[in-house]
């Protein structure tokens, strides 16, 4: 094969970088992508987002130029934005995790080490995974209401990023937070009432940072794992935190769990909802559902 034929056979791949995600320098990442990507297999282009929504526009333009592979280089927000633009297409998403939590990457066993993550992209092993929607907005790990959504909203306003800044915000707000009343319906089951600390609908098993809110969630089963946490006090909090990180939270007496393909949550007034850690204000009624095998992802 001559050089021209080799170039024509290379696959177009776009690396979409969020320059402000996480706490790690992006300059080293650029060098590692250039040094490690398989140039016999791929024709790479590196593109930067400047604000929310940029990834959608970039991907739309690149799909028109026959790109089929897009790599989210950043945190869960970047992964969500890239993945949302690719759902229900024949394109595939890769991940180089550089964020604070890296929930989907960790669930899929994609290494946090950049060079190892690029090795996985070079192998181009593609899987089809489920994703969820909350009032039509795609999510890939978790969405929910309650304390985790409240902390996501507070954390988004902080200047500092990273796990320890997140913990600092959570600890400072824990005592002041008031659990709320919800009505919830799973599929065609009965309506149930809860006063809950949080309600999480999980497509994947964790929030990020190996905090497993739904340890048995399966990203291929066409179902969401539902985790409802009763109100907890300060004395219970350390044990609950430990159970999140040891994959035992579903065994806690403060948890009620279930599985469903559709979930409806009602509350007294509009409030915060998080999807993959991103906070948003939505109305009293929240409709959540799973889309089976709707996203193609490059996996180990």
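None of the figures in this text is laboratory data; all of them are computed from the coordinates on show. On a predicted model such as this, the values are computed, not experimentally measured, just so you know. For neighbour counting, all protein chains shown are included, and Cβ atoms are generated from backbone atoms with ideal geometry for every residue, glycine included.
Ranked by Cβ crowding within 10 angstrom, fewest neighbours first, how are 292, 230 ordered?
Values: 292 13, 230 16.
Least crowded to most crowded, the residues run 292, 230.
For an R0 of 51 angstrom, estimate the FRET efficiency from the Cβ-Cβ distance between residue 234 and residue 9 and round to the nearest 0.05. Each step should come with its number before you reach the end.
Working: r = 61 Å, r/R0 = 1.20.
Given R0 = 51 Å and the Cβ-Cβ separation, E is 0.25.
Using a Debye calculation, one point per C-alpha and no hydration shell, please list log10 I(q)/I(0) for the chain at q = 0.11, 0.15, 0.16 Å⁻¹ in order.
One equal scatterer on each Cα of the chain leads to -0.65, -1.15, -1.28.
State the antiparallel share, in %, of DSSP beta bridges confined to the chain, rounding to the nearest 5.
On the way: 50 of 70 bridges.
Of all bridge pairs located within the chain, approximately 70 percent are antiparallel.
Quote to one decimal, in nm, the extra length available between residue 116 and residue 210 on full extension: 0.36 nm per residue of separation minus the C-alpha distance between them. Intermediate results must be reported in sequence, preceding the final value.
Details: separation 94, 0.36 × 94 = 33.84 nm, distance 1.87 nm.
Fully extending the segment from residue 116 to residue 210 adds 32.0 nm.
Express in nm, to one decimal, how much length is gained between residue 45 and residue 269 on full extension, taking 0.36 nm for each residue of separation and deducting their alpha carbon distance.
Contour length minus Cα-Cα distance gives 76.1 nm.
How big is the Rg/Rh ratio for the stretch 3-124, C-alpha atoms only, Rh by Kirkwood, two decimals? Spell out each step's value before the answer.
Details: Rg = 13.5 Å, Rh = 14.4 Å.
Over the Cα atoms of the stretch 3-124, Rg/Rh equals 0.94.
Tilt of helix 76-86 relative to the longest C-alpha principal axis of the chain, in degrees (0 to 90, nearest 10)?
Taking Cα atoms only, the helix is inclined about 60 degrees.
Using the alpha carbons of the stretch 226-291, what is the convex hull volume per residue in cubic angstrom, as a whole number? Kindly include the intermediate steps, with their values, before the conclusion.
On the way: hull volume 8.4 nm³, N = 66.
Given the Cα convex hull of the stretch 226-291, per-residue volume reads 128 Å³.
For residue 176 paired with residue 57, estimate the spin-label separation in nm (one decimal), with each label point 7 Å from Cα along the Cα-to-Cβ line.
Simple spin-label model gives 3.6 nm for this pair.
Mean shadow of the stretch 137-292, computed from the convex hull of its alpha carbons, in nm²? List each step's numbers first, then the result.
On the way: hull surface 34.5 nm².
About 8.6 nm², averaged over all directions.
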